[in-house]
Structures are given as structure tokens and as C-alpha cells.
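Each reported figure results from applying straightforward, stated rules to the coordinates on display, with no laboratory input. These numbers were taken from a predicted model, which means no experiment stands behind them. Quick reminder, even Gly has a Cβ in these numbers, built from the backbone with ideal geometry, and neighbours come from all protein chains shown.
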Amino acid sequence: MPSPLTVAEWRAFLSDYNTRLIDSDMVRTAVEEDRQVISKERLAAGWAGAEPASEEAVVAAEERLGVRFPPSYRNFLRASDGWECIGQLDLRRVDQVGWFDDLFADLLGVWAELEHFEDQLAVLQRCLLIGDEEGGSGGYFLLHADGVGEGGEWTAYEWWPGDGGDPEPYDDFAAMMRKAVELL
């Protein structure tokens, strides 16, 4: 399956994933056990995504952060401003995206004192946090601003620091999302 790139391709990709997600055993089991992997409002609506972000909202976030988002992520936002439960994480709304070192300065301070996080710190200091697991075990979706490749795409990472592993790199945001949805 090719990676979605345009807004229309993202809509088709997300629609397909949403159908599999909403009807999945994972969601049914979570509801039966009174755990929320998708909010009640979004479940009732039958859509785990959000309304598309406006161009103005995307530009405002880019100006606030001092960067232009990579095309695949920008177009994702124009298809859905955030997403609940893609893979095992949630994608943040565009107004909640921020630099990892700004959002988790205290955590980075603690990690800076631990030798085994030394290699990750240099990367994390230039990553945008675009997704995480609220109240969970601490997984992250990240975009590395210094990892700009062909066509303006940024290196993307999925990272579960509690598992002790290194961040898993992907060529771009779309490749990371394509892998994330393989869980269903």
C-alpha cells in the first residue's frame, strides 16, 4: 500500500482505517471493559478523527513553532486535525503540537542525567511532539526537524522509552502512519 500524500489520499486512508478500527475487537473489548481507546463522542459519531484543520490553523502552528510542517503531515492535518487511537497512540490537534523539549523539559532534564538516553537527547531536542498516549505507558510520535529529506519530508519516529529501546525511525510521517495502522 503506498503512503498517502495528498489530502484526498489521506481521507481515503483514514476512512479505510476508521472502518477497521471502529469495528475492531480491540475497540469492542475496550468498551466492554469500560476503557476508552476512543472517546464516547467520536465512537457515537463513528469517526475516530476530527474535523480537518483549517489552513489558517496550520499556518498559525507553523508560525508559533518557527517551521513549515512536512507535506505529508500538513496534508494529514488538512484531512483530520488529530486522531484517536492510530496504532497505540493519539495524534494531537495542530494547536497542541509542540517541541518535545518545551513540552517535557523536566523529563528531558531527568533523562539528561541517565547515560543510556544520551544518544536520544540530541534528536529529541529538535523533535516536534505530534502524538502520544495520554495517561499511558509513554509512547510518542515525533517529527525530527533536522531530518529533512526529499520533498521537504522529515524523519519521523515512534518511541516507547519505557521499553528501553531506541526511537524507531521512518522516512516520513506517512510511512510511520502506514506502519501504525498495520496493527489492525
- Message: Going by average Cβ density within 10 Å per residue, which order do the peptides 83-94, 20-31 take, highest to lowest?
- Response: 83-94, 20-31
- Percent relative contact order of the stretch 79-125, based on C-alpha pairs within less than 8 angstrom and at least six residues apart? 25
- Query: Counting pairs of alpha carbon atoms under 8 Å apart in space and at least six apart in sequence, what relative contact order in percent does the chain give?
  - Reply: 19
- For the stretch 30-70, which trypsin sites (Lys or Arg not before Pro) are both in a DSSP coil and crowded by at most 10 other Cβ atoms within 10 Å? Arg35
- Query: Among residues other than Ala156 whose Cβ falls under 12 Å from its Cβ, what is the net charge (Lys/Arg +1, Asp/Glu -1)?
  - Reply: -3
- Any residue on another chain or 5+ positions along whose placed amide H is under 5 Å from the amide H of Val148 is listed here as Thr155
- Task: Work out the charge dipole of the stretch 141-184 with +1 on the Cβ of Lys and Arg and -1 on the Cβ of Asp and Glu about the Cα centre, then indicate which of Ala175, Gly149, Gly165 is farthest towards its positive end.
- Result: Ala175
- Message: Tell me the volume per residue, in Å³, of the convex hull enclosing the alpha carbons of the chain.
- Response: 119
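What is the sum of charges around Gly82, taking Lys and Arg as +1, Asp and Glu as -1, for the other residues whose C-beta is under 11 Å from the C-beta of Gly82?
With Lys, Arg at +1 and Asp, Glu at -1, the net is -2.
Note down the magnitude of the dipole of the chain about its Cα centre, charges +1 on Lys and Arg C-beta and -1 on Asp and Glu C-beta and zero elsewhere, to the nearest 20 debye.
Using only the charged Cβ atoms, the result is roughly 700 debye.
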- Message: Relative contact order of the stretch 24-82, please, whole-number percent, based on alpha carbon pairs below 8 angstrom and at least 6 residues apart.
- Response: 37
